[in-house]
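K.L.:
One structure is given below, represented as structure tokens, and several questions about it will come after.
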Amino acid sequence: MKIYKQSELLTSLPKQFFASLVEKVTNIMEQGHDVINLGQGNPDQPTPAHIVEAMEKAVQNPIYHKYSPFRGQTFLKEAVSLFYKREYGVDVDPQSEVAILFGGKAGLVEVPQCLLNPGDVVLVPDPGYPDYWSGVELARAKMEVMPLLEENKFLPNYESLPKEVVKQAKLMFINYPNNPTGATASEEFFEETVQFADEHNICVVHDFAYGAIGFDGKKPKSFLQTKGAKEVGIEIYTFSKTFNMAGWRVGFAVGNPSVIEAINLLQDHMYVSVFSAIQEAAAHALLSPQTCVEELNELYESRRNVLIKACLDIGWKVTAPAGSFFAWLPVPKQFDSSQAFSDFLLENAYVVVAPGVGFGEYGEGYVRVGLLTSEERLKEAVERIKKLNIF
Ligand SMILES: Cc1ncc(COP(=O)(O)O)c(C=O)c1O
């Protein structure tokens, strides 16, 4: 068998930090231990029945068995426009300001390739979702980090970024509600972002993957609600979290028409659009009453409350996340690193948490815990941790 060498581009891609964690977890599970896995980001609830039913019906339509229109179905783009108007009061032109994506990840990875030339600078939040790094590397661009510090409520401090870096930057990613920190953004922060981006000619990509998940009665803001946002960027939305459709692979980008055109153009060359039956079910999800979304939000909030209370009860000084389905918990002092602490929990309590350093250098000192299992299992996880007498 011949072995073909991978391209330089492929071998330059960042290594998957969490692959080794998955391997460790699998080993422990194979030994027969009851592992509570709070390390992943895979929604645990099924897609709501009315969306599955819409898909079942749509899949029967022979028109959808043909190629989909290259740039996606107009009915889905119109549904996106109605959804943005209804949920956020934002006007979006379905034809020029919406691009249909194979999930949010696809769009996030595509954008640097759409807008950047080799060596161009991209600002990326640290800690942050690792797939931003992949897109930057595929575009042969250069990544500069924006530290997200607890003292700044996990928002980037634009003032503190080196002037040279800001001058060179052409693109930036932000993400609120935030993975991994669970922080949300204020209106003022988005206003500041628009101003910063406008002044320095930086295109903003706001990753709104957790847009539907905000706690304590505070609905997360869309970046596009900010005056001037569409002038300077786009927002990427996904059905994966809002409607538990992670396996369906569908999302969309909304905002600045020149960026939307660039995404569409790249996708013209790479794919034909998402299976139209999925697009029909997705449109149905956006246009139907959002009771399922409200219920999901309540479920995560209730789990959050249980987890945070249990942690505080055992003496773990944690802060509750304001949104997303993650909690970002500090590593106890006696551990040298987030990796050492998560290894300890895995080996001694069979509880999996994601070491913060996997999300970037500034993630060190924290672990990420997912709210993606039942309240009973969350309580049990903390109960097991209590028995280790760390706190
Ligand atoms: C911050 C963030 N952005 C984007 C995504 C991508 O989601 P999807 O590709 O399923 O739309 C995820 C998924 O975990 C995420 O955590």
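The values are calculated or read from the model by the stated rules, or taken from the named source; none is laboratory data. Note that this is a predicted model, so its numbers are computed, not measured. Cβ coordinates were reconstructed from backbone atoms using ideal geometry, including for glycine residues, and neighbour counts include every protein chain displayed. The accessibility values were calculated without ligands, DNA or RNA, using every heavy atom of the protein model including side chains. Shrake-Rupley method; radii C 1.70, N 1.55, O 1.52, S 1.80 Å.
K.L.:
Whole angstrom only: what separates the Cα centroid of segment 67-84 from the Cα centroid of segment 142-172?
P.N.:
What the calculation gives is 34 Å, centre to centre.
K.L.:
Now for a different question. Relative to a virtual label point 7 Å from the Cα of Arg140 in the Cα→beta-carbon direction, which members of segment 99-121 show backbone nitrogen distances below 18 Å?
P.N.:
Flagged as within label range: 110-121.
K.L.:
Taking the C-alpha atoms of segment 1-157, how large are the radius of gyration and the largest Cα-Cα span, Dmax, in Å?
P.N.:
In order Rg, Dmax, the Cα atoms of segment 1-157 give 20.9, 59 Å.
K.L.:
Further question on the same structure: Spin-label point model (7 Å from Cα, Cβ direction): what's the Glu347 to Ser258 distance in nm?
P.N.:
For Glu347 paired with Ser258, the spin-label model returns 5.4 nm.
K.L.:
Calculate how many DSSP beta bridges within the chain are antiparallel, expressed in % of all such bridges and rounded to the nearest 5.
P.N.:
45 percent
K.L.:
Considering the Cα positions of segment 139-298, please state its Rg to one decimal place and its Dmax as a whole number of Å.
P.N.:
Expressed in Å, the Cα Rg and Dmax of segment 139-298 come to 16.8, 48.
K.L.:
Also, quick follow-up: Evaluate the relative contact order of the chain (contact order divided by residue number), counting alpha-carbon pairs under 8 angstrom at least 6 apart; express in whole percent.
P.N.:
Relative contact order, the chain: 23 percent.
K.L.:
Jot down the per residue volume, in cubic angstrom and as a whole number, of the convex hull over the alpha-carbon atoms of the chain.
P.N.:
Enclosed volume per residue, from the Cα hull, is 164 Å³.
K.L.:
To continue, here is another question. Treating each Cα of segment 56-148 as an identical point scatterer and ignoring solvent, apply the Debye formula and state log10 I(q)/I(0) at q = 0.24 Å⁻¹.
P.N.:
At q = 0.24 Å⁻¹ the computed log10 ratios are -1.10.
K.L.:
Return the calculated 222 nm mean residue ellipticity for the chain, to the nearest 500 deg cm²/dmol, obtained by summing -39500 (n - 2.57) across DSSP H runs with n ≥ 4 and dividing by the residue count.
P.N.:
Only helices count here, giving -12500 deg cm²/dmol.
K.L.:
Just subtract the alpha-carbon distance of Lys153 and Gln31 from 0.36 nm times their residue separation and send over the number in nm, one decimal.
P.N.:
39.8 nm
K.L.:
Considering only protein heavy atoms and a 1.4 Å probe, what is the carbon-and-sulfur percentage of the accessible area of the chain?
P.N.:
Of all accessible area on the chain, carbon and sulfur atoms account for 52 percent.
K.L.:
Looking at the chain, which longest stretch skips every one of the trypsin sites (Lys or Arg not before Pro) that is in a DSSP loop with at most 13 other Cβ atoms within 10 Å, leaving the sites themselves out?
P.N.:
Maximal segment without exposed cleavage sites: 67-217.
K.L.:
Something else now. If you stretched the chain out fully between Asp313 and Asn389, how much longer would it get, using 0.36 nm times the residue separation minus the C-alpha to C-alpha distance?
P.N.:
Using 0.36 nm per residue and subtracting the Cα-Cα distance, I get 26.1 nm.
K.L.:
For the pair Leu266 and Ala320, how long in nm is the line joining their label points, each one 7 Å along Cα→Cβ?
P.N.:
3.9 nm
K.L.:
Turning to a different aspect of this structure: Using a Gaussian network model of the chain with C-alpha springs under 10 Å, which one of Glu144, Glu364, Glu159 is most mobile by mean-square fluctuation?
P.N.:
Looking only at Glu144, Glu364, Glu159, the biggest GNM fluctuation is shown by Glu159.
K.L.:
Report ³J(HN,Hα) in whole Hz for each residue of segment 240-246, in order, from the Karplus equation J = 6.51 cos²θ - 1.76 cosθ + 1.60 where θ = phi - 60°; Gly and Pro get x.
P.N.:
Listing the rounded values in order: 4, 9, 4, 10, 6, 10, 4 Hz.
K.L.:
Right, next: So if R0 is 25 Å, what FRET efficiency would Lys219 and Gln95 give, r being the distance between their Cβ atoms, rounded to the nearest 0.05?
P.N.:
After rounding to 0.05, the efficiency reads 0.35.
K.L.:
Could you work out how much longer the chain between Ala246 and Glu87 gets when fully extended? Use 0.36 nm per residue separation minus the Cα distance between them, nm to one decimal.
P.N.:
Full extension of this stretch gives 55.1 nm more.
K.L.:
What residues have an amide H closer than 5 Å to that of Lys142, excluding those fewer than 5 places away on the same chain, when H is modeled at 1.01 Å from N in the peptide plane?
P.N.:
The list, which skips near neighbours in sequence, is Gly119, Asp120, Val121, Val122.
K.L.:
Still on this structure, please answer the following. Work the Kirkwood hydrodynamic radius out for segment 273-391: mean of 1/r over every pair of different alpha-carbon atoms, inverted, in Å.
P.N.:
16.0 Å
K.L.:
Under 30 Å between alpha carbons, and skipping anything fewer than 8 positions from Lys85 in its own chain: which lysines qualify?
P.N.:
Here the lysines satisfying the reach criterion relative to Lys85 are Lys57, Lys77, Lys105, Lys153, Lys170, Lys218, Lys219, Lys221, Lys227, Lys230, Lys241.
K.L.:
A further question on this structure: From a point 7 Å beyond the Cα of Ser337 in the direction of its Cβ, which residues of segment 343-362 have a backbone N at a distance under 18 Å?
P.N.:
Residues 343-347, 353-362 qualify, since their backbone N sits under 18 Å from the label point.
K.L.:
Sticking with this one: Cα centroids of segment 377-391 and segment 204-249: how far apart, whole angstrom?
P.N.:
Between the Cα centres of segment 377-391 and segment 204-249 lies a distance of 33 Å.
K.L.:
I would also like to ask the following. Evaluate E = 1/(1 + (r/R0)^6) for Gln6 and Asn305, where r is the Cβ-Cβ distance and R0 equals 45 Å; express this FRET efficiency to the nearest 0.05.
P.N.:
That pair, Gln6 with Asn305, gives E of 0.45.
K.L.:
Mind listing the Cα extents of segment 331-371 along all three principal axes, in Å, largest one first?
P.N.:
Computed over segment 331-371, the largest-to-smallest principal extents equal 26, 25, 12 Å.
K.L.:
Keeping every protein chain present and rolling a 1.4 Å probe, give me the accessible area per residue for the chain in Å².
P.N.:
Counting only protein heavy atoms, the per-residue value for the chain is 46 Å².
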